1. For segment 43-104 and segment 290-316, what is the separation of their C-alpha centers, rounded to whole Å?
2. Kindly flag which residue pairs out of K259/K345; K49/K259; K199/K259; K199/K345; K260/K345; K260/K341 have an alpha-carbon separation exceeding 29 Å in this structure.
3. Calculate the spin-label point distance for A18 paired with A256, positioning each point 7 Å from the Cα along the beta-carbon direction, and give it in nanometres.
4. State the antiparallel share, in %, of DSSP beta bridges confined to the chain, rounding to the nearest 5.
5. With each pseudo-label sitting 7 Å past Cα toward Cβ, what's the K101-A295 distance in nm, one decimal?
6. For R30 and A214, what is the calculated FRET efficiency with R₀ set at 30 Å and r taken between the beta-carbons, to the nearest 0.05?
7. Around A130, what is the net charge, scoring Lys/Arg as +1 and Asp/Glu as -1 over all other residues with Cβ under 15 Å from its Cβ?
8. When 1/r is averaged over all different Cα pairs and the result inverted, which Kirkwood radius in Å belongs to segment 119-200?
Amino acid sequence: MIDLRTDTVTQPTAAMLAAMQTATQGDDSRDGDPTVIRLEALAAARTGKQAGLYMPSGTMTNLVAVLAHTQRAGEVLLERGAHMLNTELGGLAAVAGVFYKGIPGTRGAMDETALREAVRPMTRNNFGTALICMETTHNGAGGTVLPLAHMKMVHDLAQQHGIPVHTDGARLFNAAVALGVPAADIARHTDSVCFCVSKGLSAPVGSVLCGSSAFIERARPFRRMVGGNMRQAGSIAAAGIVALETMMDRLHEDHASAKKLAGGFHAIDASLIDPADVETNIVRVNVRASGRSAASWAEAFRAHDIAVSPADSGSLRFVTHRHIGNAEVDAAIGACREIWKNTTK
Ligand SMILES: Cc1ncc(COP(=O)(O)O)c(C=O)c1O
């Protein structure tokens, strides 16, 4: 089975498995495990922040960031297609106790005028805007990268109003590679940022929330509140360290595979995708012109031993990663050609 549903299916590397075997096994919740502390320091250094906080998932790092920034009051502004808004099951409201407003956007970037209009001060009858969130790369928009000028505009606006900014950087290093800049150049336009080591970087578990030392200290009890304190977490953190030290430099290969995939699909029919839309490792394919639903397309791919995810009723999402090379890309293009032919003949 060629698995193109997501980059979280990546398996740990041999170096990760070796590091996991020899990692310290301290009780991170009680004392702070030395390996976890090392991962958190490395994450902070990579993002140019003062401190990091390791957690089991990206969803949890986003939730803890909201809890720590908002103190359970006010409105969170974020792009309408944001993962935090659409895929994290309302944790913002259900757990963090804040309400939210989706801002219309283009390729994951919030419309500036709509954002400026949505920012509200605290008044006698209003909590005001508590937090602004960004997402890069933007999953729902197809792995798009927020331009640094956009991030700066959002951060400047937020600072003018005394509002903190959090960035969901689950695939922050894909964004950095696509922009050709260190991740810290992206993270300077946000007060806090999280990233996952468990996606294209191939580690088995975890995300790190980074920010100022004071912010991370405030986040710690919230991590415990949502069940994110881990005990012998050294083994999984050790794999995260290897991910940060060795796996970033190959992400451009995943981006090249995604481009190749898009080029192949475009050659089958131009309505499927414009390869220029592919910026990182996510490829969204529009199958509407075929008259067949995305779910049915995914089933047809399954018959070719290829797993893909319907993104909505009319589009499929392909995600490239370390286990997708030229042969897998060619197989996916070949399967698409056959399905297209059988569907439209
Ligand atoms: C942009 C984005 N944010 C957050 C997450 C959540 O990460 P996790 O699955 O580790 O909770 C994902 C997962 O795909 C994501 O794509």
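1. 31 Å
2. Exceeds cut-off: K49/K259; K199/K345.
3. Going from the A256 label point to the A18 one covers 2.5 nm.
4. Restricted to the chain, the bridges split so that about 55 percent are antiparallel.
5. Each label point lies 7 Å from its Cα, and together they span 3.5 nm.
6. Calculated transfer efficiency: 0.85.
7. +2
8. In segment 119-200 this quantity evaluates to 13.3 Å.
Values in this text are rule-based calculations from the coordinates and carry no lab data. These figures come from a predicted structure and were not determined experimentally. Positions of Cβ are generated from backbone atoms using ideal geometry, with glycine treated the same way; all protein chains shown enter the neighbour counts.
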